[in-house]
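Data first, discussion second: the structure below is written as C-alpha cells.
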Amino acid sequence: MRREVHHIERESYKILRSLVDLSHLGPLSRAVAERVVHASADLEYAGSLVLDERSLRRGHEALRMGTPIVADVEMVAAGITAREAMCFVTDERAKELAGERRITRSAAGFRVAFEEVGRGAVWVVGNAPTALFELVQSGMDPALVVGLPVGFVGAAESKAALARSSLPAVANVGAKGGSAVAAAALNALLYYEEEQIDSINGR
C-alpha cells in the first residue's frame, strides 16, 4: 500500500530545499539527510550527518529483501512506519540479563536480539548509547547500523566508536540525535523508490 503524502509535508520539503543545498550528496544520502532535517527541523544535520552511499545501498538492498529491523527502544520501533521493527527492551530475558550483568535494558535487549536475528539485520539506535556500544563490540555483521542516539552521556562517544568500527552505518557527530531522527533515517530508505516515482511524476 502506497503512503499518501500530505500537502503540508510536500510544502515542508520545498521549504527545506530552499534553505539547504544537499545536491552534492548521492541519492540515498540525500534522501536520508532530507528526511532527518525534515523530521527535526534542524539544519545542522546537513553538516553533521556521516553518510556513506555504499553503506546505504547495502542497507537499502537488505531492506528490500526483507531483512529484520531491530530498534533499541519502543519509540524508535513505533516511528518506523513502513515495516515492523523488533525491539527487545521490554523482553523478560532482557530484564533478567540487565540485572545479572549490571547493564542497561537497551544493551541487554540487543544481546537478546543477537540470538534472535543473527547476522545481516538492520539495527536502529535513537536513544541508548549503551545499545550502540553493545552492537559495535558484538562482532556482528549488520547490513546497516543507524546510529543516532541522543544525550550528553555516551552519545557522541558511541557514534565515534561506530565510525572507528568500519561497520556500514548512518551516524552524526555530536550529542544530537533521538528516536524521531533515527526512525526518519530508516524511513528514508524504506520509502526511497516510492518517493523517486513521485518525483518523476511531479507529485
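The values are calculated or read from the model by the stated rules, or taken from the named source; none is laboratory data. In this text, all values refer to a predicted model and were calculated from it rather than measured experimentally. Using ideal geometry, Cβ is built from the backbone for each residue, glycine included, and neighbour counts are taken over all protein chains shown.
The residue list Glu9, Glu53 contains one member that is at pLDDT below 95 and either in contact with a strand residue (DSSP E or B) (Cβ under 9 Å, 6 or more places away or on another chain) or under 14 Å from Ala188 (Cβ atoms) (or both), which is Glu9. Residues that are over 22 Å from Glu53 (Cβ atoms) number at least 3 in the following helices (runs of 4 or more DSSP H) confined to the range 85-203: 92-101, 105-117, 129-136, 155-165.
Return the total of residues in the range 152-163 being over 16 Å from the mean Cα position of the chain (by Cα) and without any contact (Cβ under 8 Å) to a residue 24 or more places away in the chain. Final tally of qualifying residues: 1.
Being farther than 16 Å from Ala182 by Cβ, among the polar types (S, T, N, Q) and surrounded by 16 or more Cβ atoms within 10 Å (Cβ to Cβ) is the filter here, so list the residues in the range 77-116 that pass it. Of everything in the range 77-116, just one residue is farther than 16 Å from Ala182 by Cβ, among the polar types (S, T, N, Q) and surrounded by 16 or more Cβ atoms within 10 Å (Cβ to Cβ), namely Thr104.
Looking across the range 57-76, just one residue is surrounded by 21 or more Cβ atoms within 10 Å (Cβ to Cβ), assigned to a helix (DSSP H, G or I) and of a type in the set (A, V, I, L, M, F, W, C), and that is Val76.
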